[in-house]
Amino acid sequence: MKKKNQKKSSKDNTVEEAKDKTAETKAAPNAEESANGQTSEETTEKGGGVEDEIIKLEKQNAELKDKYLRLYAEFDNFKRRTVKEKLELMRTAAQDTMTALLPVLDDFDRAKKNAADDSTTEVFTEGIQLVYQKLYSVLTQKGLEPMESTGEVFDPELHEALTEIPAPTEEMKGKIIDTIEKGYKLGDKIIRHAKVVTGK
């Protein structure tokens, strides 16, 4: 009787062991998943999140690159504008001084013109001539340039018409017959318009 019970219990043990092994085999994948800390669904979701993050970073990178290019272009324009303004300032820095000296040149021109007239006793001495030439030379070196106007076609951008008289000839109509006050440029800028008499 004891032997039968022993045989029976050993059979039961064998069956139970087989069941346990089957259960362990089934549980093994789940244990592996829990060891990795994620399921296949979680892995897929995580992969999608990384792709989204990459797209987001690429977009940010493109925006930053665009901002950088815009700032660089603005700075380049600012630099060019500053250089241009500086050159313009250097060219016209002495404009006030030049403008103040123009009446002195006018007086020299009038004295020289009167001395050349045979009906007057006024003389334009050699010393005065040298002073005039020196002053004129210095101002010319600084960029001062007289404007030729007598005989030219009247241009309101360059000339200021004081009066209009009948033209002595047909070809002088609309042209400048006489210059009352000479016009001057400083570089490309007009600092005084010529005051003229035009023919009609």
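Just so you know, all these numbers are worked out from the coordinates, no wet-lab data involved. What you are looking at is a predicted structure, and each value in this text was computed from that prediction instead of being measured. Every residue, glycine as well, gets a Cβ built from its backbone with ideal geometry; the counts of neighbours run over all protein chains shown.
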Query - Expected-Rg normalisation [2.2 N^0.38 Å, Cα atoms] applied to segment 150-200 - result: 1.13
Report summary line: Mean Cβ-within-10 Å packing, highest first, puts peptides 172-183, 96-107, 78-89 in the order 172-183, 96-107, 78-89
**Report entry** Vicinal HN-Hα couplings computed from phi for segment 97-114 (Karplus, 6.51 cos²θ - 1.76 cosθ + 1.60; Hz; Gly/Pro x)
**Finding:** 5, 4, 4, 5, 8, 4, x, 5, 4, 4, 4, 4, 4, 5, 4, 5, 5, 5
Query raised in the report: Non-local amide H neighbours of residue 161 (under 5 Å, H modeled in plane, Pro and chain starts lacking H): which ones?
Result: 196
Query raised in the report: Out of residues 5 or more away from residue 185 or on other chains, whose amide H comes under 5 Å of its own, with H placed 1.01 Å from N in the peptide plane?
Result: 145, 147, 191
**Report entry** Anisotropy class of segment 94-199 from Cα gyration tensor, a/c 1.5 cut
**Finding:** oblate
**Report entry** residue 171/residue 114 FRET efficiency (R0 45 Å; Cβ-Cβ; nearest 0.05)
**Finding:** 0.95
Requested in this report: Would you work out if segment 41-161 is rounded, prolate or oblate? Take a ≥ b ≥ c from the square roots of the eigenvalues of the alpha-carbon gyration tensor; rounded if a/c is under 1.5, else prolate when a/b is larger than b/c, oblate otherwise.
Outcome: prolate
Query raised in the report: If Lys and Arg each add +1 and Asp and Glu each add -1, what is the summed charge of the other residues whose beta carbon sits under 14 Å from the beta carbon of residue 114?
Result: -3
Report summary line: Beyond 30 Å (Cα-Cα) in this structure, taken from 84/112; 79/185; 113/173; 134/195; 134/200, we find 84/112; 134/200
